[in-house]
Structure formats: structure tokens, C-alpha cells
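Undergrad: Let me begin by handing over the structure; questions about it come next.
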Amino acid sequence: MPDLSSLWLTVRLALVTTFVLLLIGTPLAWWLAQTRSRFKPVIEALIALPLVLPPTVLGFYLLIAMSPNAPFGGFWLQATGDTLSFSFTGLVIGSVVYSFPFMIQPLQAAFEGPVQQAMRTAASLRASRLDAFFTVAVPMSLRGFVTAIVLSFAHTLGEFGVVLMVGGNIPDRTRVASIEIYENVETLNYADAHALSLILLIISFLTLFCVFLFNRRFPAHVRL
Amino acid sequence: MLSRTVSEVPAIKLFIFLCLGSLLAACAQPAAQETVTVAVAANFKPALDRLETDFEARTEFKLDVVVGSTGKLYAQIVYGAPYDVFLAADQERPVRLIEETQAVEGSRFTYALGRLLLWGTDTPAKLSTPEIKRIAIANPNLAPYGKAAEQLIERLGLTEAIETKLVLGENVGQAFAFVRTGNAQLGFVSEAQIIGLDDGDMTPSWHPPADLFDPIAQDAVLLTRAEDKPAALAFMTYLQSDDARDIIAQHGYDLP
């Protein structure tokens, strides 16, 4: 029987990452959905980068940036007394970067068009922007939120390359399931590799299944 | 509509032609007989780079190099990786390959005796001090240098004291990179990697005395698929020549 702690660590990493992404991603996607700034394409291209870059590129830059010799990594060591690389926090940062487009793009798509019109209507009825956002935009974009959250979660579950480069393979801290599977395969321990792979496959399938089930039940946009 | 369809035909033909062309180009192998593919444990890569130049200058053969941890390369060979020669960082895996008839009986010899080194400090006392947050070693399950490091830490009586500081590289090359990029303050690496640095690196290091770790006997073995391959046989012969042994010695290895 394989060590299940790596699975639990993977789920924890995906949950924390998704939560952080939701906090950062919502305002950013909102801004992108309504801005006419000429910098918009630049920002959009930057956000989409993790879709096309090899994880080794992200991993390499993260390794450099998190090093205590680098300004960011050095600051972190000063502030917390621990290095950022090889830590759970480091993996969260890596995963947030890696899954960024999976949160932003569905949200941005959901926020565009009808939602913006509804917001203008709400404003004409003197609703405050914040009030309108939570009572009009969020319910209308429910499907976008579900897609964004589930894709970010599932994508982080499947993370491998970035963790391999900045994780250091530490039990309970950075040895996520994908890394453990890799090591099991490399040491010809196929029984454990099979067990872990199957569990991960089932979790991933169920996660994605839920989102498609949800999308079937709910229309793309709730019209007012 | 029709005229447009017709005008598209040459474009489609050209596209198919290009596809087939690139497919053929991808399939066309370089004359396989003249190239020897060597799977090498990460620690020996710097030395092999030099050997490659020398070997290619002396013979008409070409050398292709695949780098990894000994354990990883072993697993790849068991599952049919197209390598001709395996330069392991231990004796165990080459012996096992012979037992499994993946390697040629009688072809095994020790090509180098590796030395382990603590990089980043000149005293092992530093290992357990609080300012050292992370210590890089190669994964002991995959890499003999990782296993040797584990054994050394145990003989120093520090296993429990520094257990939580250890970070594992996939092979000794990644352990080296962790220290080199500053992410780990200390690391157990092979002496050959430090000698391989040509930028006048002044990082202090500690050379453990011989009674604290067993010299790392690294064995070479000819893989069964290359049994009759002239290039592979030539490389195995070359690796035992005095010229090759000189180069190996210059790279921080002892020789049997």
C-alpha cells in the first residue's frame, strides 16, 4: 500500500492554490473584462504564458527567484526564517503561477458582455458598484466561477514539472502524489505507482465530471 | 466556389508534401552503427565530456550521452531504452543487469572510484547549526551518491539532527544545482562536479576521511543490444586505456 500522505498533500496544495487564485483572480479578471486599457493585450498574454511555457522554464525561474541569494527569496528568509524553495509555501506560489490562466480566463469570459450590461442597469438604479457586483455579477457568473475553480483545482492536482524543480521531494511538505508516482516508477515499484495513479485518476475524473454535470444543469448566463 | 476549390488543390498538395518530407526527415536515422549511446550517472558527466572529445578524435565513432541517476537509467534499460553502454555510479545495478541478461557477462569493470564531498563549508560541524536551513543530497533511492551521503550522515551521528533539512535532488546533478543556485546552503556532491567547474569557484568544501564512507565504485557495463556493435566495443576498450584513465583521474576520481 502506498503512502497516502502524498495524496493528502496534493489535495491540500490544490485547495490552498485555488483559494489564493480566487482572491487574486476575481478582481484581475473583473478589471480585464471591462478595461479599455491599451495594456490589456500585454496583461492577457502574460497571464496565458503558463499555458504554453514548459514547466521547466517556470521551475527554473522560480528556483532562481526563491533562492536566498535573490532579493525575493532573501527577503522571505529574513521575514519568516525559512527558505521559500523546498517549502509548502513555495509550492503554493509556483502552483498559483502555473494555474493562473485556468482561473482568470473562465472568469474573464463570464464577466464580459451581458454581465457588464447588467452592471450598468444596476448602476442606473443606484446600486453601489460593490453591491451590484455581489448581487448581480456574481450570481450571473456562477458557471464561470465553478469552471474556474474546478479547472484551477484539477490543474494543480496534475502539477509535476514545477514541483520537481523547486520541491526537493520532502515527505509531507513537497512530495506530492505526482512526484511520488514518478519516484515509484523510477525505482520499479510499480504496485505503489499503480495504486497512486489510479486514485489520482479517479479524483481528477470526478472533479471534472462535477463541473460538466453542473454546466448541464445551469445555463451559461442567468439573465435578469 | 469551384474555382476557389481548384486553386486550393496545389496548396493542399504542397502541405502534404511538406508533411511527408518532415516525416521522412524525422525517420532518417544517422548511421546507427557509428554512434555509441552512453547512459551515464550524473556525477561522471563532466569527465565524460572530456572523454567524448578524446574518443571522437581517436576513432571514427561518435558518442551520444544520456545523463540521469543510476537508478533511473537502470529502470530505463530494463524497459528497453536504446543505450549501448551504461556507466553507473555503483556496482549493484550493473551486476543486476548482467543477472537479468540485459548486459553482457564479463564486460563489467570499475572505471572510476568516486569521492563524496560536502560543498559549502569546510567542516561537518556546520551541518547541524541553525543558520543552515537546507542541505541537498541526491535521492538515496535512485543515486549512489545520495546513498553514500546518507551513510556518511549516519556515521557522523547526525541523521536525526539534520533529517528535516535534507532536500532530495533527482540525481547528484540536481543536488549540485540546488547549492549552486543558493537554494540549499550545503550539499553532498561528487568531487568531480567541483573539479568540473571552470569559473574559479572558491566555495569552501569538506573532504570526508575515508573511514566515514566507502569509496564509490562505479562500474561500466556493455548492454546486450550492443554486444556486436563496433562503436560500443571500441568505447569500452577506450575507457580502459591509459589515455582515458588519465582523463578520469584528472577529474577527481581514483582508479582501481
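Each value in this text was obtained by applying a stated rule to the coordinates, not by laboratory testing. Here the structure is a predicted model, which means the values were calculated and not measured. For neighbour counting, all protein chains shown are included, and Cβ atoms are generated from backbone atoms with ideal geometry for every residue, glycine included.
Undergrad: Treat each spin label as a single point 7 Å out from the Cα along the C-beta direction, and report the residue B:205 to residue A:82 distance in nm.
TA: 3.1
Undergrad: Now, a different point. When Cβ neighbours within 10 Å are restricted to other protein chains, what is their mean count per residue of peptide A:99-110? Walk me through the numbers before you get to the answer.
TA: On the way: counts 0, 0, 0, 0, 0, 0, 0, 0, 0, 0, 0, 0.
The mean count of partner-chain Cβ atoms within 10 Å per residue comes to 0.
Undergrad: Using a Förster distance of 51 angstrom, determine the FRET efficiency expected from the C-beta separation of residue B:91 and residue A:75, and round it to 0.05. Before the final figure, lay out each step's value.
TA: On the way: r = 46 Å, r/R0 = 0.91.
With R0 = 51 Å, the Cβ-Cβ based efficiency is 0.65.
Undergrad: With the crude spin-label approximation of a point 7 Å out along Cα→Cβ, what separation in nm comes out for residue A:24 versus residue B:161?
TA: Result for the modelled spin labels: 3.9 nm.
Undergrad: Mind checking which lysines have their C-alpha under 17 Å from residue B:72, skipping anything on the same chain fewer than 8 residues away?
TA: Hits, sequence-local ones excluded: B:45, B:147.
Undergrad: Sticking with this structure for a sec: Fewest to most neighbouring Cβ within 10 Å: what's the order for B:74, B:111, A:190, A:61? Numbers along the way, then the final one.
TA: Details: B:74 28, B:111 24, A:190 11, A:61 16.
So the residues, fewest neighbours to most, are A:190, A:61, B:111, B:74.
Undergrad: If the reach is capped at under 20 angstrom between alpha carbons, list the lysines near residue B:229, excluding any in the same chain fewer than eight residues apart.
TA: B:62
Undergrad: How about the stretch B:164-256: which GluC sites (Glu not before Pro) there are in a DSSP loop, with at most 16 other Cβ atoms within 10 Å of their Cβ?
TA: Details: sites: B:170, B:191, B:227; in loops: B:170, B:227.
For GluC sites (Glu not before Pro) across the stretch B:164-256 that sit outside H, G, I, E and B with at most 16 neighbouring Cβ atoms in 10 Å, the list reads B:227.
Undergrad: Another question, then. For chain B, what does -39500 (n - 2.57) per DSSP helix run (n ≥ 4), summed and divided by total residues, give at 222 nm, in deg cm²/dmol to the nearest 500?
TA: On the way: 10 runs with 107 residues, N = 256.
That comes out to -12500 deg cm²/dmol.
Undergrad: Could you calculate the contour length gain from residue A:135 to residue A:36, that is, 0.36 nm times the residue separation minus the distance between their Cα atoms, to one decimal place in nm? Intermediate values should be presented prior to the final figure.
TA: Details: separation 99, 0.36 × 99 = 35.64 nm, distance 2.43 nm.
Full extension of this stretch gives 33.2 nm more.
Undergrad: Relative to the Cα centre, what is the charge dipole magnitude of the protein assembly as shown, using +1 at the beta carbon of each Lys and Arg, -1 at the beta carbon of each Asp and Glu, and rounding to the nearest 20 debye? Don't skip to the answer; put the middle values down first.
TA: Numbers: 34 positive and 45 negative charges, 681 e Å.
Using only the charged Cβ atoms, the result is roughly 3280 debye.
Undergrad: Based on the Cα coordinates of the protein assembly as shown, what is the per residue volume of their convex hull in Å³?
TA: Values: hull volume 107.9 nm³, N = 480.
Residue-normalised Cα hull volume stands at 225 Å³.
Undergrad: Using a Förster distance of 45 Å, how high is the FRET efficiency between residue B:227 and residue A:217, based on the Cβ-Cβ distance and rounded to 0.05?
TA: Numbers: r = 63 Å, r/R0 = 1.41.
My answer for the efficiency is 0.10.
Undergrad: Taking trypsin sites (Lys or Arg not before Pro) as exposed when DSSP calls them loop (any state but H, G, I, E, B) and at most 12 other Cβ atoms lie within 10 Å, what is the longest stretch of chain A free of them, the sites themselves excluded?
TA: Values: sites that count: A:36, A:38, A:126, A:223.
Formally, the longest exposed-site-free interval is A:127-222.
Undergrad: With a/c under 1.5 counting as rounded, go ahead and sort the stretch B:116-212 into rounded, prolate or oblate using the C-alpha gyration tensor (a ≥ b ≥ c being the square roots of the eigenvalues; past the cut-off, prolate if a/b is larger than b/c, else oblate).
TA: Details: a/c = 1.31, a/b = 1.23, b/c = 1.06.
Rounded, because the longest to shortest axis ratio a/c is under 1.5.
Undergrad: Taking the Cβ-Cβ separation of residue A:206 and residue A:128 as r and a Förster radius of 35 Å, what is the calculated FRET efficiency to the nearest 0.05?
TA: According to the calculation, E is roughly 0.35.
Undergrad: Mind giving me the nanometre distance, one decimal, between the label points for residue B:13 and residue B:105, set 7 Å out from Cα along Cα→Cβ?
TA: Distance between label points: 6.2 nm.
Undergrad: Using the Kyte-Doolittle scale, find the helices of chain A whose mean hydropathy is at least -1.0 and whose Cα atoms extend 24 Å or more along the helix's long axis, counting only whole DSSP H runs. Could you put the intermediate results ahead of the total?
TA: Details: long enough: A:5-34 (43 Å, 1.41); A:88-111 (32 Å, 1.30); A:190-217 (40 Å, 1.45).
For chain A, where a helix must reach 24 Å along its axis and average at least -1.0, the hits are A:5-34, A:88-111, A:190-217.
Undergrad: If you don't mind, there's one more thing I want to ask. Say we join alpha carbon atoms closer than 10 Å with springs in a Gaussian network model of chain B; which of B:228, B:90, B:122 then has the biggest fluctuation?
TA: Top of the fluctuation ranking is B:228.
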